[in-house]
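The values are calculated or read from the model by the stated rules, or taken from the named source; none is laboratory data. As the structure is a prediction and not an experimental result, all values here were calculated from the model. Cβ coordinates were reconstructed from backbone atoms using ideal geometry, including for glycine residues, and neighbour counts include every protein chain displayed.
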Amino acid sequence: MKQSRLRLEHYNLMHLHLEPVIEAASVALGSYANFEQASFGSEVAMRPFTLQNDDVRYSVELKLSASPKEGQKDFPYSIRIGLIGVFDGRSLPEEKRDQLVVVNGASMLYGIAREIVLSLTSRSVGGPVMLPTVEFSELGEDIDARQRRVADAKQGNEAVALEPPSIT
């Protein structure tokens, strides 16, 4: 086993809301809440920033929400959780750095969120919730497409905004 070239230096839980849906049935013993019964969403934002010693780091923010689908009461909680992590991506290839930071950073934070939610709900009235398995690869594809548009615009001498990517 070798260490990842993307290093998670620090993370914080920014917000957490966990509320049982009183009208919903509790999850059966030995199982988890069914996310097919939930309205489940995410937001991801990534921003580079510079430290005082001129080293670049990346903040990745992940926000998740889950609640019963409109008009249904089969999902036992209303959940909102947000985490932010600081990542060192200097060892990553420069041409793919943004994509790798956002995809892998969001994935790392998601694993942390999964454990927090499972830990808290395992002792709650609605029963345990384990966040479903997801992938964030489309975020990397979005950044890659944006970088191609920027490069094309530069070659054509077009004005282009060079703001750091924010993925939602």
Of the conditions (1) at pLDDT 95 or above; (2) outside any loop (DSSP other than H, G, I, E, B), the single one that Ile143 does not satisfy is (1)
Extreme residue, surrounded by the fewest Cβ atoms within 10 Å (Cβ to Cβ), among residues of region 1-30 that are among the small types (Gly, Ala, Ser) and touching a residue at least 12 places away in the same chain (Cβ under 8 Å)
Ala28
With respect to Gly111, is the statement that it is closer than 22 Å to Gly140 by Cα, touching a helix residue (DSSP H, G or I) at 6+ places or on another chain (Cβ under 7 Å) and modelled with pLDDT of 95 or more true?
no
